[in-house]
1. What is the residue count in region 11-35 for residues that are touching a strand residue (DSSP E or B) at 6+ places or on another chain (Cβ under 7 Å) and under 14 Å from residue 59 (Cβ atoms)?
2. Could you list, in sequence order, the residues of region 274-305 that are assigned to a strand (DSSP E or B) and farther than 17 Å from residue 255 by Cβ?
3. Look at residue 26 and say whether it is closer than 27 Å to residue 199 by Cβ, in the same structural domain as residue 113 (by TED's automatic domain parsing) and in contact with a helix residue (DSSP H, G or I) (Cβ under 7 Å, 6 or more places away or on another chain).
4. Being touching a helix residue (DSSP H, G or I) at 6+ places or on another chain (Cβ under 8 Å) and outside the structural domain of residue 100 (by TED's automatic domain parsing): is that true of residue 256 here?
5. Residues that are in the same structural domain as residue 276 (by TED's automatic domain parsing), surrounded by 22 or more Cβ atoms within 10 Å (Cβ to Cβ) and assigned to a helix (DSSP H, G or I): does region 198-207 have at least one?
6. Part of a loop (DSSP other than H, G, I, E, B), surrounded by 13 or more Cβ atoms within 10 Å (Cβ to Cβ) and either free of Cβ contacts under 8 Å to residues at least 12 places away in the same chain or in contact with a helix residue (DSSP H, G or I) (Cβ under 9 Å, 6 or more places away or on another chain) (or both), is that true of residue 262?
7. Checking the condition under 17 Å from residue 139 (Cβ atoms) and in contact with a helix residue (DSSP H, G or I) (Cβ under 9 Å, 6 or more places away or on another chain), which residue from 16, 52 passes?
8. Checking residue 225 against (1) in a helix (DSSP H, G or I); (2) touching a residue at least 12 places away in the same chain (Cβ under 8 Å), which single condition isn't satisfied?
């Protein structure tokens, strides 16, 4: 097993390799697809990629699927079942890509990953477990002999992914708690998160779970805090891809992004959307997560910090 720890925007990639074939779990974001292909080519040394699996269908986890399918035409792609019809029809309204204003080239899939299923990958038997919360359709992969867990965005070293159902006005915090309980019950010795370093050892896993539960309690007790965090994540994610963009162009993108439109409609308190987004940009600048610069012509630019 090889873990390619990626920086944002991409998720980590996990290569499970054996004489029976190679499988990759999660493929990163579209803008990093060439790098993902290069990492796989270097690791496989001319051998094919047999299987491609996604823990869930967010753009930073499946955005490299199309490039890997082009490079390895015989690869079998498996996805969770919850958004299978949307993926088959490539309904970007039902998938998350349009709502978040992110990119994901169209890809095909061959089979569905079902909770309760066991898959032979990399010479090991991996159990699939449902992991709702961050995404209602997400899955965990757990190998009980070595006690290895591929957690996607259900558990990171310092938390978990944005709870998107809560942004849609649907419950999600209780599902996050249930998924954390599931992880604890599995008793993993190693957790490979969707983002960040591998969590190694029972004590480190317990500490990560404690941090995640503390963060969850803060969000559940103050949903406004979670919403503000999520808005800044959406803004920062897009800025990370562009690195440098005119402030007016960035605000125009935000005005056309459905998630931001919906959140503004529910929580904007009558404030114009552009001014509402500008306040969140100012907060990113104040926290040194972004920078504003004005050029000699007087144009204002937004830059990643």
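1. 3
2. Of everything in region 274-305, those that are assigned to a strand (DSSP E or B) and farther than 17 Å from residue 255 by Cβ turn out to be 290, 291, 292, 293, 294, 301, 303, 304.
3. So residue 26 fits the description; yes.
4. no
5. no
6. Considered against the rule, which asks whether it is part of a loop (DSSP other than H, G, I, E, B), surrounded by 13 or more Cβ atoms within 10 Å (Cβ to Cβ) and either free of Cβ contacts under 8 Å to residues at least 12 places away in the same chain or in contact with a helix residue (DSSP H, G or I) (Cβ under 9 Å, 6 or more places away or on another chain) (or both), residue 262 comes out as no.
7. From the options 16, 52, the qualifying one is 52.
8. (2)
The values are calculated or read from the model by the stated rules, or taken from the named source; none is laboratory data. In this text, all values refer to a predicted model and were calculated from it rather than measured experimentally. Heads up, the Cβs are rebuilt from the backbone with ideal geometry, glycines too, and the neighbour counts pull from every protein chain shown.
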